[in-house]
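The values are calculated or read from the model by the stated rules, or taken from the named source; none is laboratory data. Keep in mind that what you see is a predicted model, and the values were worked out from it rather than measured. Note that we place each Cβ from the backbone using ideal geometry, even for glycine, and neighbour counts take in every protein chain shown. All accessible areas refer to the heavy atoms of the entire protein, side chains included, with ligands and DNA or RNA removed. Shrake-Rupley method; radii C 1.70, N 1.55, O 1.52, S 1.80 Å.
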Amino acid sequence: SSRGCVVPMPYRTALRRLLADPKVRATMLGLFGTGWVREGFLSWFGSYLHATAGVEVGSASHSAAAMAITLGGMVGSLGVGVISDRCCGSRRAPVVLACALAQAAILLCFPAAVRAAIASGSAGAVLPLALLCGALSAPLFGALTVLMAAASVELVEPSLSGTASGLLNCAQYVGSGSSTLIAGAAIEWLGPDALFASLTLGAGLSTVAWRG
């Protein structure tokens, strides 16, 4: 018996329907920008510290920064969800917009803050570097968590949730791959500080996606 069976929508039709939805497009752009910042930062930050401050992999400063990225991501993932529910009526756009703006502000201040931390001495640089990385990681991974949690469940009908999830993840990975290449080129042409200018582009895209 075929009763109860659901005939799947043709793939091209599903994609056209998803891409015609402005909420899906905004989420794709937001995930593209968030993936851009995440992968560019994780891929190049260690090289940046080494080039600008001689911080070696495995040193106290490097290890503290790496741990702070994880802890900041945990705090951001939990905190952003709570803020969305309690302060924004479970609406995601306002909190993701705030995260994108926070990312942009921190990225623009990052080079000067790193140099100030390093100038304080090798021992005194550990805590400021860790706090700086955690401060960026919290809104970065908080936004990523909120976007991914919402996408395929809330934005589309159940019959399209799998395709929507794949499409949105694809947007994030396109952003991640693009950032790795563009950040590397910017560093080679303009110097280490260009890393953060290139990453700010991703935060800017997320801001554009959620400005409404």
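Here the Gaussian network model covers the chain, with springs between Cα atoms less than 10 Å apart; of A102, A112, A65, A112 fluctuates the most. Of the trypsin sites (Lys or Arg not before Pro) in the stretch 62-116, the ones in a loop by DSSP (not H, G, I, E or B) with at most 15 other beta carbons within 10 Å are R91.
A simple rule links phi to the HN-Hα coupling: the Karplus curve 6.51 cos²θ - 1.76 cosθ + 1.60 with θ = phi - 60°, which for the stretch 102-111 gives 5, 4, 4, 5, 5, 4, 5, 8, 4, x Hz, with x for Gly and Pro.
Taking every protein chain into account, the accessible area of the chain amounts to 50 square angstrom per residue (probe 1.4 Å). In this simple spin-label approximation, S43 and I83 carry label points 7 Å from Cα along the Cα→Cβ vector, and these lie 2.7 nm apart. Computed with the Debye formula from one identical point scatterer per Cα of the stretch 1-151, without solvent, the log10 of I(q)/I(0) at q = 0.17, 0.20 Å⁻¹ comes to -0.95, -1.16. Kindly state, to the nearest 0.05, the FRET efficiency for R12 paired with M148, given R0 = 35 Å and r defined as their beta-carbon distance. Efficiency, from the Cβ-Cβ distance: 0.90. Only helices enter the 222 nm calculation for the chain: every DSSP H run of n ≥ 4 contributes -39,500 (n - 2.57), and dividing by all residues gives -28500 deg cm²/dmol, rounded to 500.
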